[in-house]
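*Asks:* So that we are looking at the same thing, I have put the structure below in structure tokens.
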Amino acid sequence: MPEKKILIIDADVASRNFIARNLLDQKYEVIQAGSGKEGLISAWRDRPDLAVIDPTITDITGEELARKLKQDARTANMPLIALSSDPSVLRIKTCTDAGFSEYITKSGQAVSTLNESVYRLLGASGAPAKQGGLLMVFLSAKGGTGTSSICANIAMNIGQNQPEARVVVVDLVLPIGSIAPIVGYTGTQNIVTVTDMTLLETSPEFFRDKLAELKLWHFNLLAGSPDPESSTHLKAGRIGEVISALKASYDYVLIDIGRSLSRITLPLIQNADINTLIVSTDASTVSLSKTILDYMKNKGVNMNSVFAILNRAVGLEGLSKAETEKALEIPIKITVPYLSSNMAFANSHHQPFILKFPKDTASIVFQEAAKEMTTLARALRAE
Ligand SMILES: Nc1ncnc2c1ncn2[C@@H]1O[C@H](COP(=O)(O)OP(=O)(O)OP(=O)(O)O)[C@@H](O)[C@H]1O
Ligand SMILES: [Mg+2]
């Protein structure tokens, strides 16, 4: 993925260099301008993805500059961050009115606030992919293969294994999510209501403090669409930004996309640290899973990031592990045994499997899967 380009407009050389160094450290490409006019020309010529502007520049005011950029089609959608030496409330208002998305006052915390804003504004596809919390996507080629149950239970085990870590589960299965009914969440907040909020409202702090906290499950939840009608109102274009904000405030972001591999979810798969593919043992699911894998490979997904789980959700019949591996041409990392009605039983009681059936083999399997996945994700990050 090409590096994102950030334009810094600031008359103060020292300040400009300081910001530039900080952004370069985070693998952004940086261009600099020492005056408003120079900045305007650079913005139109170099097409940066974002601009950091000190509005106290004097040849053109920051407000005037922002209005010009917003009125021009080439730069109308470029987010503007004011990094200002003027802390006055009036200035904040005139800048926001002129089109700045954020106003940061130059102070001790300015750099970390700036980094957070840049990361959030550039979105998932924009921000360097491997930054922030570890992203684990759960997908399957067919419905009913146990994706949601496994996603919730692995998240629970990650949270339990690492009490200091912050874990969030996001349900992106359309048209109806099923993590909420599994974990027993009945609140009204969900992916549809959250994507309907503004970029400023859905900050990393918002997600850190305002998502449902499921004590028994050791994770926070961003529930899925509650019904098909709601899903038609989903602002899909905001999903990347929401995931970026979540990655900024959680150590692990697990997303259930079920079999909804689409234009909306593909960028998540491409940016995921781990793609957990749940495969059931019937021949048709295995064959569809191979198709999905080939597609992912084609779209540049690192096959080492694929964590295949064989789930005997349909019963004891079907392909063996070896046969499945041969058909998929990738190793199966974990096999979940057939659990008869126990999985459904734990789900209907909104309880993690390991709490309901601590002695069952599957409880050990979920534990192991959680450990292996976190180890793999960290190893891939370090590459
Ligand atoms: N290993 C297993 N043994 C027995 N039953 C299982 C197993 N795994 C999942 N199930 C059951 O299969 C059903 C489907 O599981 P789940 O909802 O997790 O699948 P899904 O792939 O998310 O389905 P959907 O397509 O509806 O999103 C549930 O009733 C669940 O309890
Ligand atoms: Mg599901």
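The values are calculated or read from the model by the stated rules, or taken from the named source; none is laboratory data. A quick note: this is a predicted structure, and the numbers were derived from the prediction, not measured. Here the Cβ positions follow ideal geometry from the backbone for every residue, glycine too, while neighbour counts run over all protein chains shown.
*Asks:* Between Gly133, Gly123, Gly224, which is away from ligand 1 (no atom under 16 Å from the Cβ), out of contact with any Phe, Trp or Tyr (no Cβ under 7 Å at 6 or more places or on another chain) and either under 28 Å from Ile292 (Cβ atoms) or at pLDDT 95 or above (or both)?
*Replies:* Gly123
*Asks:* Checking the structure you have, find out if any residue of segment 3-11 is within 17 Å of Ser112 (Cα to Cα) and in contact (Cβ under 8 Å) with a residue 12 or more places away in the chain.
*Replies:* Yes, because at least one residue in segment 3-11 is within 17 Å of Ser112 (Cα to Cα) and in contact (Cβ under 8 Å) with a residue 12 or more places away in the chain.
*Asks:* Another one. Quick check on segment 328-343: of everything there that is within 14 Å of ligand 1 (Cβ to nearest atom) and surrounded by fewer than 13 Cβ atoms within 10 Å (Cβ to Cβ), which residue is modelled with the lowest pLDDT?
*Replies:* Ser340
*Asks:* Just checking, does segment 208-216 include any residue being in contact (Cβ under 8 Å) with a residue 24 or more places away in the chain and within 13 Å of ligand 1 (Cβ to nearest atom)?
*Replies:* Within segment 208-216, not a single residue is in contact (Cβ under 8 Å) with a residue 24 or more places away in the chain and within 13 Å of ligand 1 (Cβ to nearest atom).
*Asks:* In segment 284-327, which residues are among the small types (Gly, Ala, Ser), within 14 Å of ligand 1 (Cβ to nearest atom) and assigned to a loop (DSSP other than H, G, I, E, B)?
*Replies:* Within segment 284-327, Ala313, Gly315, Gly318 qualify.
*Asks:* Being buried (at least 17 other Cβ atoms within 10 Å of the Cβ), more than 23 Å from Val13 (Cα to Cα) and either outside the structural domain of Glu38 (by TED's automatic domain parsing) or of a type in the set (Lys, Arg) (or both) is the filter here, so list the residues in segment 57-98 that pass it.
*Replies:* Lys68
*Asks:* Could I ask something else about it? Can you spot a residue in segment 190-200 that is touching a Ser or Thr at 6+ places or on another chain (Cβ under 9 Å), within 16 Å of ligand 1 (Cβ to nearest atom) and either modelled with pLDDT under 95 or closer than 22 Å to Ile364 by Cα (or both)?
*Replies:* So far as segment 190-200 goes, no, none of its residues is touching a Ser or Thr at 6+ places or on another chain (Cβ under 9 Å), within 16 Å of ligand 1 (Cβ to nearest atom) and either modelled with pLDDT under 95 or closer than 22 Å to Ile364 by Cα (or both).
*Asks:* Just one of (1) part of a strand (DSSP E or B); (2) surrounded by 22 or more Cβ atoms within 10 Å (Cβ to Cβ) trips up Glu213, so point out which.
*Replies:* (2)
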